[in-house]
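Peer 1: Structure incoming, see below.
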Amino acid sequence: MSNQIWDEEIEPPAPNQWVRLGGVLAAAALIAAIVGMRPSQVSPTGVLGYSLMQTVLLSATLYFTWMRDGPTWRPIATAAGLFVVIMLVNLDKADRHAVAVKADMATFGKLYFDAGGRLVAPPDPSSHGPFSRATIKLAKETEKLNDEYMLQLDQSGMLALFDANRIRVNPDMVKNCGAIIAVKSDIPKYKARHLALIEKGRRDFEDVDAESEMVEAVLRGMDSRMPQARSDIERSWDLNSQQIEAAHAACEVLARGNWHAQGTVFAFTSRSDMAAFDRHSDRLNALSEQLETIADAGRQRMRAAQKEMARGLK
């Protein structure tokens with residue numbers, strides 16, 4: 001009796017219906033993911049390796065839930081068929097993605113900064129590819145930071161400081177000059193956040209879903225311009241700090257009350273106050289010109305980057 005038991009062939013139990021159902025659901029989810037997933041590899045070698053990985057995962061799921069008790073040829077043939085289909089799907093997605101990335105360069109070339117320093121992009125979001133989206137994201141985050149700073153200046157009264165009519169209507173604006181100089185203590189925070197933004201922007205470009213050669217070329221261009229960009233950011237916030245000092249000094253002159261409004265212009269009744277106010281105004285204007293020069297240089301660097309990327313695609 002014991003010999004009979006050992007001589008009988010012991011077959012592995014077939015998967016039950018719940019395991020089979022789970023296998024179907026898992027396979028369906030994997031297939032949907034494969035079809036819907038954006039291509040992370042666009043080179044032929046990358047697509048081959050990625051397709052093999054997906055095939056192994058899907059084939060293993062089907063084998064352990066459906067085909068383990070079947071003939072040997074079935075899982076092999078299934079895996080081969082799946083690989084061909086997955087490879088064709090991934091190649092098609094990679095081709096379409098490569099075309100979209102190259103088309104994105106046309107969109108990227110149309111980006112520009114308006115007179116207020118805000119990035120202007122083509123209105124159709126469908127034309128925004130990975131490089132354009134990364135650029136727009138960085139610009140919007142930078143604009144948000146600048147808007148926050150300008151709002152703080154406005155709340156301090158600094159932006160209305162040189163409009164005599166506004167101060168005539170609301171004379172309390174020059175009774176709290178300390179609110180203006182208080183903004184200066186936040187300049188290091190704004191500077192640090194701005195520097196962090198461009199570092200984050202660099203990482204966003206590093207993660208762009210495009211051919212590695214194209215991404216590396218873009219990153220080389222960014223890295224070559226990054227030292228100047230950092231220097232300009234630091235210099236700009238230092239100039240902003242000096243503007244706050246000059247505005248505070250002008251506010252203290254106005255706080256003495258030796259003036260009356262002639263429209264938007266101050267008519268001083270004290271020559272020394274007039275001279276001091278003009279000196280601080282001239283200082284503010286000179287600092288504004290320096291800030292504008294830095295902004296112009298940044299716009300020129302962007303145009304150079306756009307031309308550089310366009311040449312790289314020819």
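Peer 1: What is the distance, in nm, between label points placed 7 Å from the Cα along the Cα-to-Cβ direction at residue 172 and at residue 203?
Peer 2: In this crude spin-label approximation the distance works out to 4.4 nm.
Peer 1: Another question, then. Taking all protein chains together and a probe of 1.4 Å, list 194, 260 from the most accessible to the least accessible.
Peer 2: Working: 194 35, 260 90 Å².
So, going from the largest accessible area down, we get 260, 194.
Peer 1: Right, next: Let's see if you can work this out: charge +1 on each Lys and Arg Cβ, -1 on each Asp and Glu Cβ, no other charges. What is the dipole magnitude of the stretch 161-234 about its Cα centre, in debye to the nearest 20? Walk me through the numbers before you get to the answer.
Peer 2: Details: 13 positive and 14 negative charges, 165 e Å.
With Lys and Arg at +1 and Asp and Glu at -1, about 800 debye.
Peer 1: Describe numerically, in nm with one decimal, the distance between label points set 7 Å from Cα along Cα→Cβ at residue 289 and at residue 245.
Peer 2: In this crude label model, residue 289 to residue 245 measures out at 1.9 nm.
Peer 1: At 7 Å along the Cα-to-beta-carbon direction for both residue 238 and residue 163, put a label point, then send me their distance in nm to one decimal.
Peer 2: Label at residue 238, label at residue 163, 3.2 nm between them.
Peer 1: Before I look further, what does the stretch 112-217 give for accessible area per residue, probe 1.4 Å, in whole square angstrom? Numbers along the way, then the final one.
Peer 2: Details: 5720 Å² over 106 residues.
Spelled out: the 1.4 Å probe surface of the stretch 112-217, per residue, equals 54 Å².
Peer 1: Separate question: Which residues does the label zone of residue 186 cover in the stretch 210-237, counting backbone N under 17 Å from a point 7 Å along Cα→Cβ?
Peer 2: 237, by backbone N distance to the label point.
The values are calculated or read from the model by the stated rules, or taken from the named source; none is laboratory data. Owing to the predicted nature of the structure, the values given are computational and were not obtained by experimental measurement. So basically every Cβ, Gly included, is an ideal-geometry build from the backbone, and we count neighbours across all protein chains shown. Heavy atoms of the whole protein, side chains included, go into the accessibility calculation; ligands, DNA and RNA do not. Shrake-Rupley method; radii C 1.70, N 1.55, O 1.52, S 1.80 Å.
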